[in-house]
Amino acid sequence: MTSPDLPAELKAALNARLEGLSRSDAASRAAVISQTYREGGGSGTIRTETDALAYALARMPATYAAVVASLNALAEVRPDFAPATLLDVGAGPGTASWAATEAFASLQHCTLFDANAALRTLAQHLARDSTRLHAVTYELGPARTLLAQAEPADLVIASYMVGEIGDVERTALADALWSKTRDTLLVVEPGTPAGYARIITLRAQLIAAGAHVASPCPHDRACPLIAPDWCHFSQRLQRSRAHKQVKGAEVPFEDERFAYVALTRLPATSHPSRVLAQPDAGKVEIAAKLCTPDGVTVTRIPRRAKADYARARRWRWGDAV
């Protein structure tokens, strides 16, 4: 499994860009950017190199961790998947591309799209001396316009970007993303009810267009969860000193909540159930909420079933079992 922590060469490149940067200035800029995102805005407040660095410090580690967790889940279900080409749509500072190249040594070329010039410039600086991202094309402009001109790729990723556009544009973008997907499309969104709703809408739209779910769902049917419940997962990551400074945090770790779906051209041969919440381990039994091919169920494993109980004690939220 790929580590959720930023790779060493990305940390080194990011630290090099941070020399001389005022942490208090970065923190105040990051707070404005974060507030804009929480209010449903996009990357329009990121206009300068300092803005881009503040965003990268505040959000890149968590976004990277969520994408890595999603790719790990995909690789677990599709261990034979070895993409050679990647389209990273709404790439920002290149976070998803870094995650994909760590997860798949088979990747030979990455094409990144974003409309934000400051984030594109930062991404190019961060990848300049990378051994992983040496073959990268980063194009600037609206996603759908660039997708219309793009060659299909084995893996297409849209990470934390479909929430930045309206419903009509989101529907058109989903079709455009799928049209350029040779094998697998991964969409990652914040693990909020709204983020989950966007994932479920896109999922249904593309299943109707012929897609199949590889993960997290063990089926292609409608999501069986009933509101106010929603499907999301959590990935813990360690905070660097700079990360804590810009977030104004004392805790040395962060838990990123995210929702995702990986859609493929061919149906998956494996359909494991998915752990939807951290199992409740008691003295008598372990109770685990699972999404199964037959729907959502709470599975109870009694302590007297020693082998099953020992195995269930290792289950974690988000695991395929």
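Restricted to the stretch 204-237, and to residues there that are closer than 16 Å to Ala158 by Cα and in a helix (DSSP H, G or I), the residue that is most open to solvent (accessible area, probe 1.4 Å) is Gln205. Mind listing whichever residues of the stretch 96-118 are of a type in the set (D, E, K, R) and either open to solvent by less than 10 Å² (accessible area, probe 1.4 Å) or under 15 Å from Thr137 (Cβ atoms) (or both)? Asp114, the sole residue that qualifies. Among all positions in the stretch 22-44, there is no residue which is at pLDDT 95 or above, surrounded by 15 or more Cβ atoms within 10 Å (Cβ to Cβ) and either within 21 Å of Ala176 (Cβ to Cβ) or aromatic (Phe, Trp, Tyr) (or both).
If you go through the stretch 134-147 and keep only what is outside any strand (DSSP E or B), touching a helix residue (DSSP H, G or I) at 6+ places or on another chain (Cβ under 7 Å) and open to solvent by 10 Å² or more (accessible area, probe 1.4 Å), you end up with Ala143, Arg144. Among residues of the stretch 82-110 that are closer than 13 Å to Tyr160 by Cβ, those with a beta-carbon under 9 Å from a residue that is basic (Lys, Arg) and assigned to a loop (DSSP other than H, G, I, E, B) at least six positions away or on a different chain give the pairs Val89/Lys180.
Quick check on Glu250: is it acidic (Asp, Glu) and surrounded by 18 or more Cβ atoms within 10 Å (Cβ to Cβ)? No: the conditions fail for Glu250.
Taking the stretch 70-95 as the range and being open to solvent by less than 20 Å² (accessible area, probe 1.4 Å), closer than 22 Å to Trp317 by Cβ and either among the charged types (D, E, K, R) or in contact with a helix residue (DSSP H, G or I) (Cβ under 6 Å, 6 or more places away or on another chain) (or both) as the test, only Leu71 passes. So the check is Cβ under 6 Å with 6+ separation or different chains; which pairs have a first residue in the stretch 141-164 that's more than 16 Å from Thr184 (Cα to Cα) and a second one that's open to solvent by less than 30 Å² (accessible area, probe 1.4 Å) and of a type in the set (A, V, I, L, M)? Close Cβ pairs satisfying both conditions: Ala143/Val89; Arg144/Leu173; Arg144/Ala176. Residues of the stretch 295-321 that are free of Cβ contacts under 8 Å to residues at least 60 places away in the same chain and either touching a Leu at 6+ places or on another chain (Cβ under 6 Å) or under 15 Å from Leu225 (Cα atoms) (or both): Thr297, Val298, Thr299.
If I filter the stretch 30-39 for residues that are within 24 Å of Gly141 (Cα to Cα) and assigned to a loop (DSSP other than H, G, I, E, B), do I get at least one hit? The answer is yes; a qualifying residue exists. Among the numbered conditions (1) surrounded by fewer than 22 Cβ atoms within 10 Å (Cβ to Cβ); (2) in contact with a strand residue (DSSP E or B) (Cβ under 7 Å, 6 or more places away or on another chain), the only one that Thr201 does not meet is (2). Here His109 clears all of (1) more than 17 Å from the chain's Cα centre (by Cα); (2) closer than 14 Å to Ala262 by Cα except the condition numbered (2). Of all residue pairs spaced 6 or more apart or on separate chains, those with beta-carbon atoms under 6 Å, a first member in the stretch 50-69 that is touching a residue at least 60 places away in the same chain (Cβ under 8 Å) and hydroxyl-bearing (Ser, Thr, Tyr) and a second member that is buried (at least 24 other Cβ atoms within 10 Å of the Cβ) and in a helix (DSSP H, G or I) are Thr63/Thr95; Tyr64/Thr95; Tyr64/Ala99. The set of residues from the stretch 288-321 being out of contact with any Asp or Glu (no Cβ under 7 Å at 6 or more places or on another chain), open to solvent by less than 60 Å² (accessible area, probe 1.4 Å), among the small types (Gly, Ala, Ser) and at negative phi comprises Ala288, Ala305, Ala310, Ala312.
Taken over the stretch 149-176, the criterion of being more than 16 Å from Thr95 (Cα to Cα) and out of contact with any helix residue (DSSP H, G or I) (no Cβ under 7 Å at 6 or more places or on another chain) is satisfied by Gln149, Ala150, Glu151, Pro152, Ala153, Asp154, Glu164, Gly166, Asp167, Val168, Glu169, Asp175. When Ala12 is tested against (1) among the hydrophobic types (A, V, I, L, M, F, W, C); (2) part of a loop (DSSP other than H, G, I, E, B); (3) open to solvent by 40 Å² or more (accessible area, probe 1.4 Å), just one condition goes unmet, and that condition is (2).
The values are calculated or read from the model by the stated rules, or taken from the named source; none is laboratory data. Bear in mind the structure is a predicted one, so any value in this text is a computation, not a measurement. A quick note on method: Cβ atoms are made from the backbone with ideal geometry, for glycine too, and the neighbour counts reach across all protein chains shown. Note: accessible area is taken over every heavy atom of the protein model, side chains too, but ligands, DNA and RNA are not part of it. Shrake-Rupley method; radii C 1.70, N 1.55, O 1.52, S 1.80 Å.
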